[in-house]
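Notes for the one structure printed next.
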Amino acid sequence: MTPLAALLAARIRRFGPISFAEYMRECLHHPVHGYYSQHEARRPSDYITSVDVHSIFGHLLARQFAEMWEQLNRPAEFLLVEAAAGTGRLAGHILEFARAQLPDFFSALSYVAVERSPARCEQLATRLSHFIQKGKCRSSIEIPAGIPAGCVFSNELLDALPVHRVLQQRGALREIFVTTDGRVFSEILHPLSTTAISDYFAAQQITLEEGQLAEAGLEACDWISEIARRLKRGFVLTIDYGHEAADLFDAHHQSGTVVSYSKHQVFNNLYVAPGEQDLTAHVNFTALRQWGARDGLETLGLLTQTAFLLALGKGNDFADLYDTGMDEPARLRARLQLKSLIYPEGLGERFQVHLQQKGVPQAQLTALNPL
């Protein structure tokens, strides 16, 4: 039994079963024993992100942010906010490329790396120390209260936000709670913990089939609503795997989408080693669009990560892939890494890029309007 499992079992024995959303929140974000509160060194043994493959991912994002700055008519300060910045690896790629290749944009750039894990904040501060000392970057545990002009972006954040799991039973929704007999965790059905769950499905005109399992991503809805309220003018860029609601709740997802990751393998047992394995659920982009619109965000488009990167890179034939002085073997390795980034084996077109704007109604982004 992991330390977190012992804490959760004691809580359940004292107060009764907890919702799956609460269980997932503790497993991932408990301040001491949560998966994302642990040292970054263990994460690559469980899964690899686009940031790990090649720095061109950050280079192309930097070009996208520079274009957003242009669309905003080059404000004197462009606040670039990365939610869940981890150890600052992606931030470093973006800042270093902007300094070297996009000097006008870099002069206006003010980077905010948002990260709540103390262990990862320490690593972030070390990795980005040069930019922090120069006043080009700062770390924070919260999204800035006000963003006059800029962009809030995230890469594989929303799939790790807690979700409520429900089952359609006898024509009504029942919520999955987590209980324990002292040895193992198990599931038990309860009435919905909040009417927000039924409202979530009703707003998207979704009716589940009898026996269908599904997730209600209420925390993702709250997150995008809060971002929309804090952003005065600019963009929101979300990179994650997921679907529109019509696809997310179709016959192919009768058992829902929550899975666990450990040592590069996918597991359906969500209750083994709490705090020691990653838990994820596919992102509902329809909900992001609807809840964002309530606070002034307009969706510009949803496209695959493949299409997004190709549109940004082909403008200069992916010259951003190469560092100065690279020999041919190194250039070949870089091209192979680019291929694995754009066409990730086993993931296909699953990763999506969702773009929203506020106060920039005439925005024309290259990724959405490729030549």
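Could you please give the count of residues in region 218-246 that are in a helix (DSSP H, G or I), more than 25 Å from Val258 (Cα to Cα) and open to solvent by 60 Å² or more (accessible area, probe 1.4 Å)?
Qualifying residue count for the region: 1.
Output the residues belonging to region 176-200 that are of a type in the set (Gly, Ala, Ser), part of a loop (DSSP other than H, G, I, E, B) and under 30 Å from Ala228 (Cβ atoms).
Ser193 - this is the single residue of region 176-200 that is of a type in the set (Gly, Ala, Ser), part of a loop (DSSP other than H, G, I, E, B) and under 30 Å from Ala228 (Cβ atoms).
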Filtered residues of region 151-175 (kept if out of contact with any His (no Cβ under 7 Å at 6 or more places or on another chain), part of a strand (DSSP E or B), under 21 Å from Ala196 (Cβ atoms) and in contact (Cβ under 8 Å) with a residue 24 or more places away in the chain): His164, Arg165, Val166, Leu167, Gln168, Gln169, Leu173
Just checking, how many residues over region 328-371 are of a type in the set (S, T, N, Q), within 23 Å of Val266 (Cβ to Cβ) and modelled with pLDDT under 75? 1
Could you tell me which residue of region 102-125 is farthest from the chain's Cα centre (by Cα), considering only residues that are modelled with pLDDT under 95 and of a type in the set (S, T, N, Q)? Gln123
Selection from region 261-275 of residues of a type in the set (Phe, Trp, Tyr) and either farther than 18 Å from Pro3 by Cα or open to solvent by less than 30 Å² (accessible area, probe 1.4 Å) (or both) yields Tyr261, Phe267
Index of the failed condition, Glu298 passing every other in (1) open to solvent by 60 Å² or more (accessible area, probe 1.4 Å); (2) farther than 15 Å from Thr238 by Cα: (2)
Does Leu90 satisfy being at pLDDT 95 or above and either crowded, with 19+ Cβ neighbours inside 10 Å or not in a strand (DSSP E or B) (or both)? yes
Condition (residue is among the hydrophobic types (A, V, I, L, M, F, W, C), over 20 Å from Gly150 (Cα atoms) and either touching a helix residue (DSSP H, G or I) at 6+ places or on another chain (Cβ under 6 Å) or assigned to a helix (DSSP H, G or I) (or both)) applied to region 256-277: is it met by at least one residue? no
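Would you call Gly313 open to solvent by less than 50 Å² (accessible area, probe 1.4 Å), at pLDDT 75 or above, in a helix (DSSP H, G or I) and of a type outside the set (Val, Ile, Thr)? Spell out how you get there, then give the answer.
Numbers: open to solvent by less than 50 Å² (accessible area, probe 1.4 Å): yes; at pLDDT 75 or above: yes; in a helix (DSSP H, G or I): yes; of a type outside the set (Val, Ile, Thr): yes.
Yes, satisfied.
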For region 142-150, check the following and say yes or no: at least one residue is in contact with a strand residue (DSSP E or B) (Cβ under 8 Å, 6 or more places away or on another chain) and closer than 30 Å to Ala273 by Cα. yes
It is to be established whether one or more residues within region 202-222 are hydrophobic (A, V, I, L, M, F, W, C) and within 13 Å of Ala83 (Cα to Cα). yes
What number of residues within region 35-74 satisfy the criterion of being modelled with pLDDT of 95 or more and either part of a loop (DSSP other than H, G, I, E, B) or not charged (D, E, K, R) (or both)? 11
Here the qualifying pairs (Cβ atoms under 7 Å; residues six or more apart or on different chains; first in region 243-272 and closer than 13 Å to Leu213 by Cα; second basic (Lys, Arg)) come out as Gly256/Arg165; Val258/Arg165
How many residues are of a type outside the set (Gly, Ala, Ser), in a helix (DSSP H, G or I) and open to solvent by 20 Å² or more (accessible area, probe 1.4 Å) if we restrict to region 1-21? 6
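The values are calculated or read from the model by the stated rules, or taken from the named source; none is laboratory data. These figures come from a predicted structure and were not determined experimentally. Neighbour counts are summed over all protein chains in view; Cβ atoms, including those assigned to glycine, are modelled from backbone coordinates with ideal geometry. Accessible surface areas use protein heavy atoms only, side chains included; no ligands, DNA or RNA. Shrake-Rupley method; radii C 1.70, N 1.55, O 1.52, S 1.80 Å.
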